[in-house]
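The values are calculated or read from the model by the stated rules, or taken from the named source; none is laboratory data. Since this is a predicted model, take the numbers as computed values, not measurements. Here the Cβ positions follow ideal geometry from the backbone for every residue, glycine too, while neighbour counts run over all protein chains shown. The accessibility values were calculated without ligands, DNA or RNA, using every heavy atom of the protein model including side chains. Shrake-Rupley method; radii C 1.70, N 1.55, O 1.52, S 1.80 Å.
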Amino acid sequence: MAELVYPPVIGVARTMFKALDLRFDIQGAEHVPARGGAVLVSNHIGYLDFVFCGLAARPSKRLVRFMAKESVFRHKVSGPLMRAMKHIPVDRAAGMDAYKHALSALRSGEIIGVFPEATISQSFTLKNFKSGAARLAQEAGVPLLPMALWGTQRLWTKGHKRNLGRNHVPVSIRVGEPMAPEPGEHPDTLSVRLRSRVQELLEAAQRAYPVRPKDADDTWWIPAHLGGTAPSPDLAAAMDRRR
């Protein structure tokens, strides 16, 4: 079936990126398979992360179908677009329907995008991974594609105002080599191995990031363990529980 909505939406996004003068540093895009199913797995630090994950798949001419919370599909603007782009709604009270939908898409050769932390990390560090991405890859017999983003939190993230002015914000994207589940590997063990790989990619993106905070008021986007003023993982977890 022809893709009537997704390509034009990508075109609009790329025009927006150019208008904002974002500075992209994408490495590893060649690891995105040109055909066949895969589960793309990324850290989650900003509201626009799904857009940037999808951007890394464009050199391989692939469209990523993201699993997203069901409320996004009820919105009068985003809902029709999300459905037309064949993204997958996740009702956390009845997640099996979304799982079956994603499994079917993987078996038909689609790339499914998953944020296994299940929510934005306000500490900008990796939270524990849910095992759904690992289970999908194992059951569908497809590879996991690890990815890390850095800099996207500076554009729009939880607890901070949007910064969509022409501020030349660098966005770093790292894509790792596909990971194959080991025979008989437990999904929890695979999730730990996957998280470790995403952590490596995240640290590489952080080391290469070309911008440092301008002053003391600009340290909010740096994790506490790197000398910034972002909440510690424990404090961020407590903030999530209060929501």
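Can you go through G37, G54 and tell me which one is buried (at least 16 other Cβ atoms within 10 Å of the Cβ) and under 18 Å from V5 (Cα atoms)? Break it down into steps so the answer makes sense when it comes.
Values: G37 fails: under 18 Å from V5 (Cα atoms).
Exactly one residue qualifies, and that residue is G54.
Name the residues in segment 85-136 that are open to solvent by less than 40 Å² (accessible area, probe 1.4 Å), at pLDDT 95 or above and either farther than 20 Å from N43 by Cα or assigned to a helix (DSSP H, G or I) (or both), would you?
M85, A98, Y99, A102, L103, A105, L106, G109, G132, A133, A134, L136, listed by residue number.
Being of a type in the set (A, V, I, L, M, F, W, C) and not in a loop (DSSP other than H, G, I, E, B), is that true of even one residue in segment 151-165? Let's see the steps before the verdict.
Pass one, segment 151-165, residues of a type in the set (A, V, I, L, M, F, W, C): 155-156, 164.
Retained after the next criterion (residues that are not in a loop (DSSP other than H, G, I, E, B)): none.
Checked segment 151-165: no residue is of a type in the set (A, V, I, L, M, F, W, C) and not in a loop (DSSP other than H, G, I, E, B).
Looking only at segment 202-227, which residues are farther than 15 Å from H168 by Cα, touching a Gly at 6+ places or on another chain (Cβ under 9 Å) and either without any contact (Cβ under 8 Å) to a residue 24 or more places away in the chain or not in a helix (DSSP H, G or I) (or both)?
Once the filter is applied, which keeps residues that are farther than 15 Å from H168 by Cα, touching a Gly at 6+ places or on another chain (Cβ under 9 Å) and either without any contact (Cβ under 8 Å) to a residue 24 or more places away in the chain or not in a helix (DSSP H, G or I) (or both), segment 202-227 yields T219, W220, W221, I222.
Within segment 42-84, track down each residue that is outside any loop (DSSP other than H, G, I, E, B) and among the small types (G, A, S). Before you say what the answer is, go through the steps one by one.
Residues of segment 42-84 that are outside any loop (DSSP other than H, G, I, E, B), as a first pass: 42, 49-56, 58-60, 64-74, 78-84.
Selection gives S42, G54, A56, S60, A68, S71, S78, G79, A84.
Check segment 102-124 and report whether any residue there is within 23 Å of G228 (Cβ to Cβ) and over 14 Å from the mean Cα position of the chain (by Cα).
The answer is yes, given that some residue of segment 102-124 is within 23 Å of G228 (Cβ to Cβ) and over 14 Å from the mean Cα position of the chain (by Cα).
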